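Asker: Structure incoming, see below.
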Amino acid sequence: MNASGRRHDQVSYAEAIQRARDLIPLLREQATACERERRLTGPVMQALHETGLLRFLQPKAWGGMELPFVAYFDIPEMLSRGDISTGWVVANLASHHRNLVWWPEQAQKDVWAANPDAGIASGIAYQQGRAHKLDGGMKVSGAWNFSSGTDHSEWSMLACTVREEDKPVDWIYALVPSSDYEIVDDWHVLGMCATGSKTVRCTDVFVPEHRVLSMHVARPGHAWPGLEVHRNPHYRIPTSALGGHTIGGCMVGNARNALDTCVALVKERSTSYTGARMRDFQTVQLRIARSAAQIDAAALLMRNDLLEAQALYEAGGTLDTEAKLRYKRNCALGGRLCVEAIDSLHEMAGANGIYDHFALQRMFRDARAAAGHFSFSVDAQLPPWALVALGGEFKSPTL
């Protein structure tokens, strides 16, 4: 068991943020090795387990921190100031500790009773998995790409469409142990290399009923069985609307890292050809200031969504369709702002920015790779909100 199964239920929000901040030097030092290995290194994983940061959303009843929902953004953002791939893996694995709360209590025992530090990865595209009902459970098959952190996981939540006579009747997550699926080593990519977001696949795996969770939230009477046990209203906040915000924190943290790197560069050097001090160029000042403002705007946009949803559910409310789509819109735009900021900083770096040893080059590639996530597609995420705002109707069985 990692970190000797220690409990972290007495760790406050402030202490957790400080633990994440304290890891930044280690993460920056290990970033090149993580990228080379296409997974997080041993020292990084050891530090994450020792600090308990992989369990910052896990219920206190199981020894987790159960931090306020806004930490969904804040912890990955802070870690990503050291290395976005580390922040991304933590965002994914920690969010799945949170999601496991929705499952029946027996499923939680299957995972956490044996190892409360267990890693839980995912495959979130319903069309990539198929399932059909059997007595006592489901038979599941499929291949799910982009399974971040899967090398560090003992379980995975695999999304499937359930069909009857070729008609979709349900959309589920199947909780599957790593012994029942194969990891395909296909993660050879431009950036975000250390997330190890490989494909996982399985064929005709039986999943008992208590490890199957319907995500058909549009169905009348839908409820999360695990919330009968875990009553914290923050666990009721739907990640269908806000799931992108945790990796949005990673985008912001990476952009802050890029800004810090460029500020340090500008302070210490003059131009190679004229000998003039870079900080005296108004164009440099403009790029630094504009990028900083874009990063702050992205952080405020996404973080405010979490605070708004957190307050709403604490008051017993729920999100309507417009609010859910507005949050998805904001996340996509926030991601775009971070990419634009890093693009400008990388361009300002000039020829220095093309060297492999220059950390900003990796941050640039990572930002572009991360921006490929569906949550950050402005083409996909902005129009649905506009449709509803203009009086149209938007339907989704899983929103």
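Asker: Any idea which of A264, A299 is out of contact with any helix residue (DSSP H, G or I) (no Cβ under 9 Å at 6 or more places or on another chain) and open to solvent by less than 80 Å² (accessible area, probe 1.4 Å)? So that I can check it myself, show each step before the final result.
Answerer: Details: A299 fails: out of contact with any helix residue (DSSP H, G or I) (no Cβ under 9 Å at 6 or more places or on another chain).
Going through A264, A299 in turn, just one is out of contact with any helix residue (DSSP H, G or I) (no Cβ under 9 Å at 6 or more places or on another chain) and open to solvent by less than 80 Å² (accessible area, probe 1.4 Å): A264.
Asker: Got a sec? Which of T239, T199, T195, T246 is open to solvent by 10 Å² or more (accessible area, probe 1.4 Å), of a type in the set (S, T, Y), under 30 Å from A341 (Cα atoms) and in contact (Cβ under 8 Å) with a residue 40 or more places away in the chain? First the steps, then the outcome.
Answerer: Details: T199 fails: under 30 Å from A341 (Cα atoms); T195 fails: open to solvent by 10 Å² or more (accessible area, probe 1.4 Å); T246 fails: open to solvent by 10 Å² or more (accessible area, probe 1.4 Å).
Of T239, T199, T195, T246, the one residue that is open to solvent by 10 Å² or more (accessible area, probe 1.4 Å), of a type in the set (S, T, Y), under 30 Å from A341 (Cα atoms) and in contact (Cβ under 8 Å) with a residue 40 or more places away in the chain is T239.
Asker: Please work out which one of (1) in contact (Cβ under 8 Å) with a residue 40 or more places away in the chain; (2) over 16 Å from D366 (Cβ atoms); (3) of a type in the set (A, V, I, L, M) is the condition L345 fails and give its number.
Answerer: (2)
Asker: Look at V44 and say whether it is of a type in the set (V, I, T), under 10 Å from G82 (Cβ atoms), out of contact with any strand residue (DSSP E or B) (no Cβ under 7 Å at 6 or more places or on another chain) and in contact (Cβ under 8 Å) with a residue 40 or more places away in the chain.
Answerer: Details: of a type in the set (V, I, T): yes; under 10 Å from G82 (Cβ atoms): yes; out of contact with any strand residue (DSSP E or B) (no Cβ under 7 Å at 6 or more places or on another chain): yes; in contact (Cβ under 8 Å) with a residue 40 or more places away in the chain: yes.
Yes.
Asker: For the stretch 1-50, which positions are surrounded by 15 or more Cβ atoms within 10 Å (Cβ to Cβ), at pLDDT 95 or above and polar (S, T, N, Q)?
Answerer: Q30, T32, T41 - these are the residues of the stretch 1-50 that are surrounded by 15 or more Cβ atoms within 10 Å (Cβ to Cβ), at pLDDT 95 or above and polar (S, T, N, Q).
Asker: In the stretch 335-391, how many residues are loosely packed, with under 13 Cβ neighbours inside 10 Å and within 23 Å of A125 (Cβ to Cβ)? Break it down into steps so the answer makes sense when it comes.
Answerer: Step one: filter the stretch 335-391 for residues loosely packed, with under 13 Cβ neighbours inside 10 Å, giving 347, 350-351, 354-357, 379-380, 386, 389-391.
Now drop any that are not within 23 Å of A125 (Cβ to Cβ), which leaves 379-380.
Going through the stretch 335-391 one residue at a time, the tally reaches 2.
Asker: Sticking with this one: Can you work out which of the residues in the stretch 51-70 that are closer than 21 Å to Q310 by Cα and of a type in the set (G, A, S) is surrounded by the fewest Cβ atoms within 10 Å (Cβ to Cβ)?
Answerer: This residue is A61.
Asker: Among the listed residues A91, A71, identify the single one that is more than 20 Å from S197 (Cα to Cα) and small (G, A, S).
Answerer: Criteria check complete, one pass: A71.
Asker: I need the helices (runs of 4 or more DSSP H) fully contained in the stretch 316-399, keeping only those with at least 3 residues that are within 21 Å of T246 (Cβ to Cβ) and of a type in the set (K, R).
Answerer: Numbers: elements: 321-349, 359-370, 378-389.
Fully inside the stretch 316-399 and qualifying: 321-349.
The values are calculated or read from the model by the stated rules, or taken from the named source; none is laboratory data. Worth saying up front: this structure is predicted, and the values here are computed from it rather than measured. A quick note on method: Cβ atoms are made from the backbone with ideal geometry, for glycine too, and the neighbour counts reach across all protein chains shown. For accessibility, only protein heavy atoms count, side chains too; no ligands or nucleic acids. Shrake-Rupley method; radii C 1.70, N 1.55, O 1.52, S 1.80 Å.
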